[in-house]
Amino acid sequence: MSLYEEHFEALVAIGRGFGIGRRDAETLAHAVLLSSIRRLDDAEDPAEWLRAAMRYASSGYVAYRKTVQRQERV
Amino acid sequence: MSRNDAEYDRLSRSLEEEVEAARAVVADLLQSPSAYLHRAVPIAWRTMGMVEALGDAARDTLERDPEKSESLARFATGIAPLLGARYPSVLRAQCNARAWKELANAYRYRGSHEAALRALDRADAVLDEEFALAEDRAIIDLARATTLRDMHRLADAEALLASAAAVFHEHRSNARVAQCELLRGMISHGAKPVEAREAYRRAAAAATAAGDAQTVASAYSNLAVLDAEAGRTGAALDHLQQARAVFEELQAYGEICRTTWAVGFALVRAGQYVQAIGPLAEARRTFQKLGMTEEGGLAGIHLGEAYLALRNYSEAQELVSAIMAEFRQAGLNERALAALRYLRERGAKATAKQAREVAAYLERLRREPTLRFVPLNER
């Protein structure tokens with residue numbers, strides 16, 4: 001099993017835990033995995049690195065969506 | 001294999017191949033990188049691997065040759081926006097931001113702090129709305145905090161450092177956690193020596209565990225300075241020897257130079273003027289070779305202080321004249337020349353205290369370029 005296959009669903013689940021829809025969570029998980037290509041060599045624990053990156057990606061995305069929605073209401 | 005999985009696989013392999021191919025090109029570029037800055041970038045060089053290889057070369061030459069590092073990083077920032085859509089936006093942003101960060105580091109090393117901050121602004125802008133790149137943003141924050149610390153904007157540096165450190169902790173990026181501890185120590189160094197010592201010790205331990213020799217050596221070097229400032233000269237020299245040994249292995253000549261300067265400075269402060277002359281003269285020579293005129297001048301003034309304390313007025317005067325000529329040639333701040341002229345004109349009446357006063361002024365002038373030199377006896 002490739003690293004991508006091994007972690008993809010777990011990362012999507014983290015995104016879903018932030019209330020993000022499946023499709024957007026998949027897009028974020030894909031971006032996190034791509035971003036890890038040049039990083040995982042330095043990571044102490046690749047799985048933990050990916051989970052942390054997905055948590056930050058999800059919270060950033062949620063904050064961004066809220067800002068956009070607020071602006072749309074105004 | 002899904003489409004996304006296949007893309008990940010393809011990119012992993014192609015990036016590795018690109019970096020490998022680019023290393024040979026960069027090895028040639030290293031001879032004279034500035035010569036390529038104004039030429040059109042060949043299509044074959046417009047790859048992420050090329051930007052990465054240039055970034056690595058800029059990082060690796062930073063200590064030995066900051067000017068070359070700047071040219072390499074500038075070249076990387078020129079190629080990064082030319083990367084085509086064959087790379088996903090997240091990778092383009094990551095690569096582009098890294099190039100700007102390397103350029104910022106080169107600017108910082110050369111004392112151009114405002115230019116460094118502007119380069120980091122560019123890095124932040126390319127990372128904007130790339131949600132997957134939290135660690136990359138933290139890396140830029142750490143670079144910015146380092147620059148702000150150099151500019152003595154300590155509160156700003158501390159706030160940025162705290163947020164970057166939290167991100168690295170969560171990613172378990174231990175080498176970067178160690179770098180944060182080192183910077184935390186440097187921020188506390190002047191006003192909170194106890195906190196600084198603890199932070200340096202944490203940095204040394206974390207960096208040793210992460211195999212980051214550069215940070216280990218920097219932590220020892222800073223512990224040495226703390227010891228010297230507290231009058232623990234023996235401990236200071238021990239720590240400095242440890243630092244120097246690691247820096248020599250790393251061929252980190254700029255850092256060896258700073259460490260040697262710190263040894264000399266600590267000896268001057270401890271009143272061991274004769275012993276201080278060797279390290280300070282060596283530091284000054286190396287800074288000059290590296291094209292770091294301001295640092296070379298400052299090391300020279302500390303050397304002048306030692307000469308004056310030993311009543312060796314002719315050496316001191318000759319040295320000050322040489323520093324003035326270097327500053328003039330480098331087009332440095334006229335106010336610095338005025339302070340040096342004051343010292344030279346004192347001739348045999350110059351004192352070690354006045355040399356220290358001029359050195360302190362030159363240090364301040366780097367962050368307050370409009371500051372006027374007023375000798376203590378005229379205030």
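Summarising the amide proton neighbourhood of B:LEU83: residues at separation of 5 or more, or on other chains, whose placed amide H is nearer than 5 Å comprise an empty set.
Only Lys, Arg, Asp and Glu carry charge here, each on its Cβ (+1 for the first two, -1 for the last two); on that basis the stretch B:48-138 has a dipole of about 200 debye about its Cα centre. Taken along its three principal axes, the alpha carbon spread of chain A comes to 46, 22, 16 Å, from the longest extent down to the shortest. Is the stretch B:250-359 rounded, prolate or oblate when judged by the Cα gyration tensor, a ≥ b ≥ c being the square roots of its eigenvalues, rounded requiring a/c under 1.5 and prolate requiring a/b larger than b/c? Because a/c hits 1.5 or more and a/b fails to exceed b/c, the stretch B:250-359 counts as oblate. Here the contact order of the stretch B:16-71, divided by its residue count and restricted to Cα pairs under 8 Å and six or more residues apart, works out to 44 percent. Count charges around B:ALA322 for me, please; just the other residues with Cβ under 12 Å from its Cβ, Lys/Arg as +1, Asp/Glu as -1. That works out to +1.
By counting other Cβ atoms within 10 Å of each Cβ, how are B:LEU117, B:LEU160 ranked from fewest to most?
Taking fewest neighbouring Cβ atoms as first place, the list is B:LEU117, B:LEU160.
Quick one: what are the phi-derived ³J(HN,Hα) couplings along the stretch B:173-182, Karplus 6.51/-1.76/1.60 with θ = phi - 60°, whole Hz, x for glycine and proline? After applying 6.51 cos²θ - 1.76 cosθ + 1.60, I find 8, 5, 5, 6, 4, 4, 5, 5, 4, 4 Hz.
Dipole orientation for the protein assembly as shown: of the candidates B:VAL268, B:PRO81, A:ILE20, B:VAL268 has the Cα lying most toward the positive pole (charges on Cβ; Lys, Arg +1; Asp, Glu -1).
Compared with the alpha-carbon gap, the fully stretched path from B:ALA330 to B:GLU20 is longer by 107.8 nm at 0.36 nm per residue. Rounded to the nearest whole Hz, the Karplus-based 3J(HN,Hα) values (6.51 cos²θ - 1.76 cosθ + 1.60, θ = phi - 60°) of the stretch B:239-246 follow the sequence 4, 5, 5, 4, 4, 4, 4, 5, with x at glycine and proline. Measuring how big the stretch B:61-119 is from its alpha-carbon positions, Rg and Dmax come out at 12.1, 37 Å. If one computes P(r) from the Cα atoms of chain B, what percent of pairs lie at distances over 37 Å? Looking at chain B, the distances longer than 37 Å represent 26 percent of pairs. Label the stretch B:18-77 by shape, choosing from rounded, prolate and oblate, from the square roots a ≥ b ≥ c of the eigenvalues of the Cα gyration tensor; if a/c is under 1.5 it is rounded, and otherwise prolate applies when a/b is larger than b/c, oblate when it is not. Oblate, since a/c reaches 1.5 and b/c is not below a/b. When chain B is treated as a Gaussian network with alpha carbon springs shorter than 10 Å, the biggest mean-square fluctuation among B:HIS152, B:HIS113, B:HIS239 belongs to B:HIS152. The angle between the Cα long axis of helix B:293-309 and the longest principal axis of the Cα atoms of chain B comes to about 20 degrees, rounded to the nearest 10.
Rank the residues B:THR208, A:THR67, B:THR286 as a footprinting-exposure proxy: fewest other Cβ atoms within 10 Å of their Cβ go first.
With the fewest neighbours first, B:THR208, A:THR67, B:THR286 line up as A:THR67, B:THR208, B:THR286.
Phi angles across the stretch B:211-227 convert, under the Karplus curve 6.51 cos²θ - 1.76 cosθ + 1.60 with θ = phi - 60°, into 3J(HN,Hα) values of x, 9, 4, 4, 5, 4, 5, 5, 5, 4, 4, 6, 4, 4, 5, 4, 4 Hz, Gly and Pro given as x. Among A:ARG65, B:ARG122, sorting on how many other beta-carbon atoms sit within 10 Å of each Cβ, with the fewest leading, yields A:ARG65, B:ARG122. Between the Cα long axis of helix A:46-73 and the first principal axis of chain A there is an angle of about 10°, rounded to the nearest 10. Can you tell me the FRET efficiency between B:ALA6 and B:ASP121 if r is taken as the Cβ-Cβ distance and R0 is 56 Å, rounded to the nearest 0.05? After rounding, the FRET efficiency stands at 0.95. With no solvent and one point per C-alpha, what does the Debye sum give as log10 I(q)/I(0) for the stretch B:122-229 at q = 0.10, 0.11, 0.21, 0.23 Å⁻¹? Those come out to -0.27, -0.33, -1.08, -1.23, one per q. Note that the protein assembly as shown carries a Kirkwood radius of 24.0 Å, evaluated over its alpha carbons pair by pair.
Nearest 20 debye, what's the magnitude of the dipole of chain B about its Cα centre given +1 on Lys and Arg Cβ and -1 on Asp and Glu Cβ? Write down the numbers at each step before the final one.
Numbers: 50 positive and 52 negative charges, 255 e Å.
The dipole magnitude comes to about 1220 debye.
Modelled spin-label separation between B:GLN31 and A:GLU72, with each label point placed 7 Å from Cα along the Cα-to-Cβ direction: 5.8 nm.
For B:LYS68, the aspartates and glutamates whose Cα comes closer than 17 Å to its Cα, not counting residues fewer than 8 places off in the same chain, are B:ASP28, B:GLU52, B:ASP56, B:ASP60, B:GLU102, B:GLU255. Taking a straight Cα-Cα cut-off under 26 Å and skipping sequence neighbours fewer than 8 places away in the same chain, the lysines within cross-link reach of B:LYS353 are B:LYS192.
Here the stretch B:23-80 and the stretch B:222-276 have alpha carbon centers that stand 34 Å from each other.
One equal scatterer on each Cα of the stretch B:185-274, no solvent, Debye formula: the resulting log10 I(q)/I(0) at q = 0.11, 0.17 Å⁻¹ is -0.27, -0.65. Taking the Cα centre of chain A as origin and assigning +1 to Lys and Arg Cβ atoms and -1 to Asp and Glu Cβ atoms, the resulting dipole is close to 660 debye.
Here, each number is a calculation from the coordinates, and none is a lab measurement. All values reported here derive from a predicted model rather than from experimental measurement. Because the Cβ atoms are built from the backbone with ideal geometry, glycine has one as well, and the counts that use them run over all protein chains shown.
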